[in-house]
Amino acid sequence: MTARARSRLSAEREGEILRAVLDLLREHGYEALTMDLVASRTRSSKATLYRQWESKARLVLVALRRAGSTPGNGEAIDTGSVAGDLRELMRRAGDHVVENAELLRALALELHRGTELRATFREVILLPEIEVLRTILDRGGERGEIAPDGPSAEEITYMLMSAITGRPLLEEREADAEFLVRCTDTMILPALG
């Protein structure tokens, strides 16, 4: 979030708005979703929405991120081992992917079209997840669990994004928690040494 002043929405009110955004996204799709529509559904002013989230892209992506149970929501993962941390992260990611599969597919198409959405996706979704991975890897490195020349958090993100987007194409199934944990055990942990 930039240094712009945010309105003072309660956590409960913010949650209501973000849930409504996901409902509207399911009903209308990204392109047809407007701030007017969100304002009307949530009985908010457009000024409040823009003050809080700056743009439709940010509002939608914050709503999607908050809908997930990923650690970026403030729930830190620290099981005491890199393997445990990565497995828990993948369980959460897989649950989120399955629960929001339709929305994620629709947004994937829009990501290829819109530079604002793409830039905001990097900021709101991708970079925080890379930071979570980096924290897990740094702790593992400090404990001597991983090789110092192993893959970076960014490289692991490529592997995971490939698994998440590739499974529906190759198997016509979502990358659920079980699948992502298996990918972690067979690809990521061996790569980490």
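The values are calculated or read from the model by the stated rules, or taken from the named source; none is laboratory data. Computed from a predicted model, the values in this text were never measured in an experiment. Ideal geometry is used to build each Cβ from the backbone, glycine not excepted, and the neighbour counts take in all protein chains shown.
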**OP:** Answer yes or no: is there a residue in segment 27-38 that is part of a helix (DSSP H, G or I), modelled with pLDDT under 90, under 25 Å from Arg118 (Cβ atoms) and hydroxyl-bearing (Ser, Thr, Tyr).
**Re:** yes
**OP:** Taking the options Leu111, Leu103, Leu127, name whichever one is in contact (Cβ under 8 Å) with a residue 40 or more places away in the chain and either outside any loop (DSSP other than H, G, I, E, B) or aliphatic (A, V, I, L, M) (or both).
**Re:** Leu103
Original post:
How many of the residues in segment 146-168 are over 20 Å from the mean Cα position of the chain (by Cα), surrounded by fewer than 18 Cβ atoms within 10 Å (Cβ to Cβ) and of a type outside the set (Gly, Ala, Ser)?
Top reply: 2
